[in-house]
1. Determine the shape class of the chain: with a ≥ b ≥ c the square roots of the Cα gyration tensor eigenvalues, call it rounded for a/c under 1.5, and otherwise prolate if a/b is greater than b/c, oblate otherwise.
2. Net charge within 9 Å of residue 167 by Cβ-Cβ distance, Lys/Arg positive one each and Asp/Glu negative one each, not counting residue 167 itself?
3. Taking the Cα-to-Cβ direction at residue 212 and at residue 73 and moving 7 Å from each Cα, how far apart do the two end points lie in nm?
4. For segment 1-45, what class follows from the C-alpha gyration tensor (a ≥ b ≥ c being the square roots of its eigenvalues): rounded when a/c is under 1.5, otherwise prolate if a/b is larger than b/c, else oblate?
5. Which of rounded, prolate or oblate describes segment 97-184 when judged by the alpha-carbon gyration tensor and an a/c cut-off of 1.5?
6. Can you return the lysines within cross-link range of residue 331? Criterion is Cα-Cα under 21 Å, with same-chain partners fewer than 8 residues away left out.
7. What percentage of the solvent-accessible surface of the chain, computed with a 1.4 Å probe over protein heavy atoms, is contributed by carbon and sulfur atoms?
8. Taking the alpha-carbon distance from residue 328 and a cut-off under 20 Å, which aspartates and glutamates remain once sequence neighbours fewer than 8 residues away in the same chain are dropped?
Amino acid sequence: MTPRAEYPRPHFDRSHTWSCLNGEWDFRADTEPAWNRTITVPFAWETPASGIEAHWLPVAWYRRHVTVPPAWSGQRVVLHFGAVHHEATVWVNDVEVVTHRGGYTPFEADITDALREGTQEVVVRVSAPLDKREIAHGKQRSVPRDDFDGVCFTPSSGIWQSVWLEARPATHLAALKLRPSEGLDAIEVEARVAGPSQAVLRLTLRGTDTAVEVPVPDAEAAPGAGRIARATLPVARPRLWSPADPHLYHVDAVLTSADGTDSVAGYTGLRRIEVIGEDLYLNGRRLFVRGVLDQGYWPRTGITAPDDAALRRDIELAAAAGYNLVRKHLKLEDPRFVYHADVLGMLVWAEPAATGRFSPSPSPRSRSRSRP
């Protein structure tokens with residue numbers, strides 16, 4: 001059975017055209033000449049669930065042979081990584097397609113031009129420094145030790161979130177931002193479009209008659225930064241999100257151009273959080289926070305949840321104990337955790353992974369980078 005086989009991005013859902021690449025990959029340490037082992041992705045190579053349990057391994061390689069679905073012919077094929085600790089370089093059929101630094105953030109590569117007939121070979125080289133003190137590593141143990149190493153846990157190196165393929169047209173939706181209006185009676189939409197062709201965006205508030213068509217700026221008018229289309233979707237009889245009533249609104253976005261049709265779904269809730277004096281207010285009402293610390297580690301799988309139900313179960317346990325907020329400690333969590341929190345009515349206080357020490361050197365490294 002494929003581990004973590006659910007679609008990884010509920011907030012930017014293109015699940016109608018994707019292929020999960022989790023499961024067995026060939027694996028070797030940098031010092032090993034042959035692909036003599038297999039690893040189960042997406043579990044860090046220190047964990048029992050990975051099948052490797054290799055500790056203090058600074059560099060390792062992954063390999064997998066994949067097939068692109070024939071139905072994707074004429075589309076751009078994109079390879080996605082949810083998160084890889086710490087620095088990854090990816091080749092497809094011996095063509096380098098992307099390098100990414102930063103162990104907690106997603107990255108992608110359009111691999112269309114590297115594809116060949118038949119089976120494709122994907123190779124990933126991962127560098128996971130033993131000395132983590134000047135890179136963002138959260139609660140992972142370091143050699144030499146961090147100043148706070150007594151409260152650190154097992155390192156979690158390599159691919160630790162899902163890997164997948166998606167197909168999309170050359171002109172496509174690159175991002176979809178949804179936020180409540182000032183009056184909490186509408187959803188403000190900001191869609192970023194990438195690609196060469198003129199396009200029209202249709203937005204629909206799911207389950208209602210509310211729909212608008214929005215022209216997208218020409219590519220020549222918005223070079224480099226992307227083309228942004230904006231619209232407002234009014235909400236009749238707004239139902240505000242709260243822990244007691246975590247109602248969500250779903251928006252379907254369909255982009256049409258000469259390159260084809262791209263469709264993505266997103267969601268949001270109508271809510272406002274304010275600070276007045278020393279008090280917090282949610283939707284104009286005083287909010288009393290009862291929060292619990294969540295490290296985001298599991299016994300056999302490290303910083304990767306063993307399955308999607310485990311992410312949901314942690315939130316359910318917190319709610320059953322009377323909490324209305326989870327503080328995710330020094331870790332940018334799997335996007336599905338945030339989705340389950342939104343569905344179940346749990347507030348999230350999210351902290352990015354920190355370095356072990358502060359100096360001018362690690363500061364720029366707190367920002368992830370990727371290059372094709």
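The values are calculated or read from the model by the stated rules, or taken from the named source; none is laboratory data. These numbers come from a predicted model, not from an experiment. All Cβ positions, even for glycine, are placed from backbone atoms using ideal geometry, and neighbour counts span all protein chains on display. Protein only, heavy atoms only, side chains kept; ligands, DNA and RNA dropped before computing areas. Shrake-Rupley method; radii C 1.70, N 1.55, O 1.52, S 1.80 Å.
1. The shape class here is oblate.
2. In short, +2.
3. 4.0 nm
4. Cα axes put segment 1-45 in the prolate bin.
5. Verdict is oblate for segment 97-184.
6. Cross-link targets: 132, 139.
7. 50 percent
8. Correct list for residue 328: 149, 294, 307, 308, 314, 316, 342, 351.
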